[in-house]
Amino acid sequence: MEERTIYITEFDMKRLRELIAEAKRLDRRGNDYLESLEAELSRGKVVAPTDVPPDVVTMNSRVGLVDLDTEEEMVYTLVFPHEADITQSKISVLAPIGTAILGYRVGDTLTWQVPDGIRRLRVKQILYQPEAAGDYHL
């Protein structure tokens, strides 16, 4: 995964830090996904909800992605773990792809390690971003 600037709202940063702390408290063995999320957040630029660019993937954003190898298109909503439901295309921020897309912008390409190898995805569009819609506390 390439280094990039992640824009994250103060509200999301607080909730994600609490999520990480609670998960570590419950499972002291460690978790690669938590470590990946922590690394992403450590590079984050914390901004007021009104200052998040509208083309950035934030928590509760609905995002259109394209697999660059298969041309398959998919739509996901990035959510907190307790809201995750793949049957509704809601993926957890702790899932590898969830952590990977957090902070990416429309047009960005990311690589994602899966059991079968590496997938290359491009953020095609943001269908809904809470901050752009004025929904600052979802």
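Details
- Mean separation of Cα contacts under 8 Å, 6 or more apart, over the residue count of the chain: relative contact order %: 28 percent
- Expressed as a fraction of 2.2 N^0.38 Å, the value expected for a compact globular protein of N residues, the C-alpha radius of gyration of the chain is 0.99.
- Its Cα centre serving as origin, the chain has a Cβ charge dipole (Lys and Arg +1, Asp and Glu -1) of approximately 340 debye.
- Selection from Ile91, Ala21, Ile6, by position along the positive dipole direction of the chain (Cβ): Ala21
- Dividing the summed -39500 (n - 2.57) terms of all DSSP H runs of n ≥ 4 by the residue count of the chain sets its mean residue ellipticity at 222 nm at -7500 deg cm²/dmol.
- Residue order, fewest to most beta carbons within 10 Å, for Val57, Val75, Val47: Val75, Val47, Val57
- When only alpha carbons are used to place a centre, the stretch 109-130 and the stretch 30-88 end up 9 Å from one another.
- For the pair Ile86 and Tyr128, a Förster radius of 22 Å applied to the C-beta separation gives a FRET efficiency near 0.75, rounded to the nearest 0.05.
- In loop segments of the stretch 1-90 as defined by DSSP, there are no chymotrypsin sites (Phe, Trp or Tyr not before Pro) with at most 16 further C-beta atoms inside 10 Å of their C-beta.
- Dipole magnitude of the stretch 77-138, debye to nearest 20 (Cβ charges: Lys/Arg +1, Asp/Glu -1, about Cα centre): 320 debye
None of the figures in this text is laboratory data; all of them are computed from the coordinates on show. Predicted model, so just to flag it, every value in this text is computed and none were measured. Here the Cβ is made from the backbone with ideal geometry for all residues, glycine too, and neighbour counts use every protein chain on show.
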